[in-house]
1. Of the labelled options [x] 0.99; [y] 1.07; [z] 1.24, which one gives Cα Rg over 2.2 N^0.38 Å as computed for this structure?
2. Give the calculated FRET efficiency between residue 228 and residue 8 to the nearest 0.05, with a Förster radius of 25 Å applied to their Cβ-Cβ distance.
3. Label-point separation (nm) for residue 240 and residue 199, each offset 7 Å from Cα along Cα-to-Cβ?
4. Apply 1/(1 + (r/R0)^6) to the Cβ-Cβ distance of residue 160 and residue 71, taking R0 = 30 Å, and write down the FRET efficiency to the nearest 0.05.
5. For region 6-136, state what percent of all Cα-Cα pairs lands in each successive 10 Å bin, counting from 0 Å until the bin that includes the largest distance.
6. Have a look at the DSSP beta bridges in the chain and tell me what percent are antiparallel, nearest 5.
7. Take the alpha carbon atoms of region 175-195, find their center, do the same for region 107-143, and report the distance between the two centers in whole angstrom.
8. If you place +1 on the Cβ of every Lys and Arg and -1 on the Cβ of every Asp and Glu, how big does the dipole about the Cα centre of region 6-136 come out, in debye to the nearest 20?
Amino acid sequence: MQKIRGSEISMVFQDPMTSLNPTMKIGKQIMEGLRKHQGLGKKEVFTKTTELLELVGIPNAVERMADFPHQFSGGMRQRVVIAMALACNPNVLLADEPTTALDVTIQAQILDLMKDLQKKTGTAIILITHDLGLVASMAQRVAVMYAGEIVETGLVDEIFYESKHPYTRGLLLSMPKLHASRSTRLIPIPGTPPDLGRLSEGCPFAARCPYVMKVCHNHNPIRTQVSKTHTVSCWLEDERAPRVEWQG
């Protein structure tokens, strides 16, 4: 796998209000990064800033450059943050829960914007989120993490329809479904997440897993290749695991 340098990645945080300096005009905040990292002249910086604001769908870009963050709505602030993230032409855009602080209507607009920008700029987007609906609508490849470790990876359809790890299945079962009746109960994942500062030997999900085996408590599973695009770290999918130890 090709390594990515920190200078090639840009970041979009989940709360745009805390990502922006409330005492600086929007235009100046974008220009600051362009001057420092791109080495552009004053006229070039102004032109580039205008283009970035127009790219993310902010009307009257030249006039809005003189406004402060509090003069923008939540959705418009997030657009400004995305413009700042794209300013230095990153190869990878890391978006950490980019729609959490926004209402549902604005969330959809920001997601459509990110999809459109990805097509226009070719920038890869890594989306960090707990929203599986967002994953289904945005992602091509998915990595499921538990206790700081990747436990399953695959194409989005593989994760949603052919999931192998009990934690992934648990996440999917705990989601409400539109076609389900009102009396249908959600199935929560039992137990609580482990203390990351006191992880013991074995699989970190063992204490909550309905299919736990003795080997799960003593040895961390090795990643198993399910298909060319699908991997899972679980003893249930490892041929070396003794099936007679199943407790689920």
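No value in this document is a laboratory result; all are computed from the given coordinates. All figures in this text were calculated on a predicted structure; none of them were measured in a lab. Note that we place each Cβ from the backbone using ideal geometry, even for glycine, and neighbour counts take in every protein chain shown.
1. From the options [x] 0.99; [y] 1.07; [z] 1.24, the structure gives [z].
2. 0.45
3. It works out to 1.8 nm between the two label points.
4. 0.15
5. Using 10 Å bins, I get a P(r) of 13, 46, 35, 6, 0 for region 6-136.
6. Here the antiparallel bridges make up roughly 55 percent for the chain.
7. 25 Å
8. Around 540 debye, computed over region 6-136.
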